[in-house]
Structure formats: C-alpha cells, structure tokens
Amino acid sequence: VSGKVAGASGDGMREFGPAKVKIENGLGAFACFKNGDELDVWMSHGDKVTKCPPGFSPVATSAGSPIAAFADDKRKMYGVQFHPEVHHTPRGKDF
C-alpha cells in the first residue's frame, strides 16, 4: 500500500501562482498554526496527492489539492504541495 498522486491537468485544477491553504491538522512542522487557519502560499504543480502514504496524515488542503500537505509526526517527515521557501509564501519561514 502506498500514497497516490494524480495528474491535475485533466480536471482543470492545476495550480500555479497564489493560492490559499487551509490547515486541517496542525501536526509537527504545522503545530504553530491552528486548525482552520488559512495561509497564502505559492503553488506550482500539475499533480495532486489524493492519498497519503502509510503512516502519514493529511494536514492541509487547497482548492486544487485535497492533500496540500501531509505529515508523519513520529518520523518527523512532512510533504507540501506548495513552496514555503519563496517570498510569495509570506509565512513560509514559520515551517
């Protein structure tokens, strides 16, 4: 059993540019955020995570990504669909 990624181009939900990510589960690197917080982020992708890998839990969603971030807090491993490192993601350094 593994996670799943699907192409977003076929459903018209490719995300490129500014987007909003909603925190659903503030685990680990996302613990500084409250559930329900919305963050301005920079997206640049033509695919989306549709199922987390074993041991991971969904953390955040966006309009085009049902799982815009996920976490395995026990192993301190995290995945994001957006770019926290760019200045277009104002709170990116909080991660």
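Here residue 54 does not qualify as more than 19 Å from residue 17 (Cα to Cα), assigned to a strand (DSSP E or B), open to solvent by 40 Å² or more (accessible area, probe 1.4 Å) and not charged (D, E, K, R).
Taken over the stretch 72-93, residues that are in a loop (DSSP other than H, G, I, E, B), more than 22 Å from residue 52 (Cα to Cα) and either of a type in the set (Ser, Thr, Tyr) or open to solvent by 60 Å² or more (accessible area, probe 1.4 Å) (or both) amount to 6. For the stretch 39-51, filtering for residues that are within 13 Å of residue 21 (Cα to Cα), surrounded by 15 or more Cβ atoms within 10 Å (Cβ to Cβ), at pLDDT 90 or above and not β-branched (Val, Ile, Thr) leaves 1.
Mind checking whether some residue in the stretch 16-30 is of a type in the set (Val, Ile, Thr), modelled with pLDDT under 90 and open to solvent by less than 70 Å² (accessible area, probe 1.4 Å)? Checked the stretch 16-30: no residue is of a type in the set (Val, Ile, Thr), modelled with pLDDT under 90 and open to solvent by less than 70 Å² (accessible area, probe 1.4 Å).
The values are calculated or read from the model by the stated rules, or taken from the named source; none is laboratory data. Here the structure is a predicted model, which is why all the values come from computation and not from measurement. With ideal geometry, Cβ positions are generated from the backbone for all residues, glycine too; neighbour counts draw on all protein chains shown. These area figures cover heavy atoms from the full protein model, side chains too; ligands, DNA and RNA do not enter into them. Shrake-Rupley method; radii C 1.70, N 1.55, O 1.52, S 1.80 Å.
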